[in-house]
Amino acid sequence: MSNNIEGKVVVITGASSGLGEATARHLSAEGAKVVLGARRADRIQKLAGELASNGGQAIAFTTDVTQADQVKRLVDGGVKAFGRVDVMLNNAGLMPHSPLERLKIDDWNRTIDVNIKGVLYGIAAALPYFKEQKSGHFINVSSVAGHKIRPGGAVYSATKTAVIILSEGLRQEVKPYNIRTTVISPGAVESELVDSITEPDVKKGMQEFYDATAIPADSFARMVSFAMSQPDNVDINEILFRPTKQDL
Ligand SMILES: NC(=O)c1ccc[n+]([C@@H]2O[C@H](COP(=O)([O-])OP(=O)(O)OC[C@H]3O[C@@H](n4cnc5c(N)ncnc54)[C@H](OP(=O)(O)O)[C@@H]3O)[C@@H](O)[C@H]2O)c1
């Protein structure tokens, strides 16, 4: 395991597009065994097949991260297939920005359910294995928006700040089990995230910002790879990165 990635079993939620998909491709090319979860079964099955045809090892399980039993099934399925789990990448998320005064309560609930509860369910599914193995690595996805707040982004920023807080609490608690904890906060990265915005005017403005600013999704995959590839006694706890041209 010269790169500390080869042979590792990595569970990725939200692997059907964007950052999760790019990370699955990147880590598979570096020799990791990837366990793909998302609701769009066709996408993750196709990706698993593609990675396998390139010589990788990949398996896909249809997963809705708002359902704790489905996240457990994803991790259990990975362990059954590959014998262990080394990394839990809690990546699934959505960003339906809108001003609070528009009262998009369904959007608020979905954002909280996926971005906060989904991460907690990922922790619940992998932690028993990590404790038993006395090794493991949680990588949770926050955002620059977890550090900064702008009008229209209150609920999303609140969920991403929660991911930072949960990650630091987790980091402190799992010391006895030799578990590493990383939270990654990306700036604008190319993906389908803007499609989760349900207000047309907000979506249009955000799409223009992304078209002008966003960097390729492999930038995120390289951050995951960097954190994973450190020696086991080095725990990269926080990474914040942006496109060079992004001001906020
Ligand atoms: N792109 C950026 O600029 C950026 C910046 C900062 C942070 N992030 C964070 O990066 C993460 C990945 O987002 P992305 O940018 O790659 O956007 P994306 O292309 O829209 O990908 C989001 C992923 O989350 C999955 N997902 C959504 N709801 C889900 C659910 N209920 N259960 C399971 N999976 C679900 C989607 O899969 P299905 O729809 O198939 O379920 C998809 O694979 C998110 O946490 C996002 O907040 C992104």
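Considering only protein heavy atoms and a probe of 1.4 Å, how much of the accessible area of region 102-248 is carbon and sulfur, as a whole percent?
Looking at region 102-248 in its full context, I get 55 percent from C and S.
How about region 1-33: which GluC sites (Glu not before Pro) there are in a DSSP loop, with at most 13 other Cβ atoms within 10 Å of their Cβ?
Sites meeting the loop and neighbour criteria: Glu6.
For region 93-196, which trypsin sites (Lys or Arg not before Pro) pass both filters: DSSP loop (anything but H, G, I, E, B) and at most 14 other C-beta atoms within 10 Å?
In loop regions of region 93-196 (DSSP not H, G, I, E or B), the sparsely surrounded trypsin sites (Lys or Arg not before Pro) are Lys134, Lys148.
How many percent of the accessible area of region 18-81 is carbon or sulfur, using a 1.4 Å probe?
The C+S portion of the solvent-accessible surface of region 18-81 is 47 percent.
Compute the angle between helix 218-229 and the longest alpha-carbon principal axis of the chain, please, reported from 0 to 90 degrees and rounded to the nearest 10.
Orientation of helix 218-229: about 40 degrees from the principal axis.
Which residue, Met206, Asn140, Ala22, has the largest displacement toward the positive end of the dipole of the chain when charges sit on each Cβ (Lys, Arg +1; Asp, Glu -1)?
Positive-most Cα among the choices belongs to Asn140.
I need the peptides 183-189, 234-240 ranked by packing, meaning the mean over residues of other C-beta atoms within 10 angstrom, with the highest value on top.
183-189, 234-240
Give the relative contact order (percent, whole number) for region 129-224; include only Cα pairs under 8 Å separated by 6+ residues.
30
Tell me, in nm to one decimal, what length is gained between Gln246 and Asn233 on full extension, where the rule is 0.36 nm per residue of separation less the Cα-Cα distance? Each step should come with its number before you reach the end.
Values: separation 13, 0.36 × 13 = 4.68 nm, distance 3.32 nm.
Stretched fully, the Gln246-Asn233 segment lengthens by 1.4 nm.
So for the chain, taking the charge dipole from beta-carbon charges (+1 Lys/Arg, -1 Asp/Glu), which of Pro99, Met228, Val155 sits furthest toward the positive end?
Met228
Roughly how tilted is helix 18-29, in degrees to the nearest 10 and between 0 and 90, from the longest Cα axis of the chain?
20
Mind grabbing the base-10 log of I(q)/I(0) for region 1-73 at q = 0.12, 0.15, 0.21, 0.27 Å⁻¹? Debye formula, identical points on the C-alpha positions, no solvent, two decimal places.
Result of the Debye calculation: -0.28, -0.43, -0.80, -1.18.
Taking only protein heavy atoms and a 1.4 Å probe, what accessible area per residue, in Å², does the chain have with all protein chains in place? It would help to have the intermediate numbers written out before the result.
On the way: 11330 Å² over 248 residues.
Ligands and nucleic acids excluded, the figure is 46 Å² per residue.
What's the lysine pair count for region 86-180 at a Cα cut-off below 13 Å, pairs eight or more apart or interchain?
Pairs that pass both the separation and distance tests number 4.
From the C-alpha coordinates alone, can you work out the Kirkwood hydrodynamic radius of region 42-189, in Å?
Values: mean 1/r = 0.0610 Å⁻¹.
About 16.4 Å, per the Kirkwood formula over Cα pairs.
Translational diffusion coefficient of the chain at 4 °C, 1.567 mPa s, Stokes-Einstein with Kirkwood Rh over Cα pairs, in µm²/s as a whole number.
Result for D is 72 µm²/s.
Apply the Karplus curve 6.51 cos²θ - 1.76 cosθ + 1.60, θ = phi - 60°, to the phi angles in region 156-165 and return the couplings in whole Hz, x for Gly and Pro.
4, 4, 4, 5, 6, 5, 4, 5, 5, 5
Under a 5 Å amide H to amide H cut-off, with H placed in plane at 1.01 Å, what residues pair with Ala60 once short-range neighbours are removed?
Leu36
Comparing His97, His137, His147, which has the greatest mean-square fluctuation in the GNM of the chain with Cα pairs linked when under 10 Å apart?
Top of the fluctuation ranking is His147.
The values are calculated or read from the model by the stated rules, or taken from the named source; none is laboratory data. None of these values were measured; they are calculated from a predicted model. All Cβ positions, glycine included, derive from the backbone under ideal geometry; neighbour counts span all protein chains shown. Surface areas here come from the heavy atoms of the whole protein model, side chains and all, with no ligands, DNA or RNA. Shrake-Rupley method; radii C 1.70, N 1.55, O 1.52, S 1.80 Å.
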